[in-house]
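Right, one structure below, let's go through it.
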Amino acid sequence: MKKIVSTAALIFTAFLANAQHRESEFDRSIFNTISVIFVVSLFMVFIVNILKMFLENRMKHKIIDKGVSESAASSLLQTTPKNDQLTTIKWVCILAGIGGGLMIVNYTQPLGIHSLATMAFSISVSFLAYYFFAKFTSK
């Protein structure tokens with residue numbers, strides 16, 4: 001999954017570098033296509049996380065039903081509520097950053113390369129906010 005994201009980011013970066021030289025040729029349909037791909041990938045990551053949580057819960061119930069020893073069960077089920085809370089906060093920060101970026105893009109029409117820069121900046125600020133929150137809560 002990380003290789004796919006890295007490859008997509010590399011291709012997207014090359015596209016942006018090319019678009020800066022030919023900004024007059026920047027087509028709105030390309031921007032819409034990239035936006036749709038981003039939203040679909042975000043939705044798919046959400047679905048995969050939900051599926052992962054469902055399968056982990058199912059595995060926990062099977063371990064309990066089989067009567068596995070307590071030490072083996074605890075080593076298999078090492079999730080902590082703090083990790084779940086940090087994951088939730090991470091998604092809240094990311095989605096808030098995307099929402100804020102889209103709001104800024106809406107008020108700075110027309111769409112163009114500055115819209116992508118605004119989105120990238122707002123998402124990076126949301127990750128930075130998450131980083132500081134996680135650092136503050138780990139103390």
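Considering the conditions (1) open to solvent by 90 Å² or more (accessible area, probe 1.4 Å); (2) at pLDDT 65 or above, Leu42 is excluded by exactly one of them, (1). The residues in the range 89-139 that are more than 22 Å from Val40 (Cβ to Cβ), open to solvent by 80 Å² or more (accessible area, probe 1.4 Å) and free of Cβ contacts under 8 Å to residues at least 12 places away in the same chain can be counted, and the count is 10.
The values are calculated or read from the model by the stated rules, or taken from the named source; none is laboratory data. Predicted model only: the values in this text are computed from it and were never measured. Please note: Cβ atoms are built from the backbone with ideal geometry, for glycine as well, and neighbour counts cover all protein chains shown. Quick note on the areas: whole protein, heavy atoms, side chains included, nothing else; ligands and nucleic acids left out. Shrake-Rupley method; radii C 1.70, N 1.55, O 1.52, S 1.80 Å.
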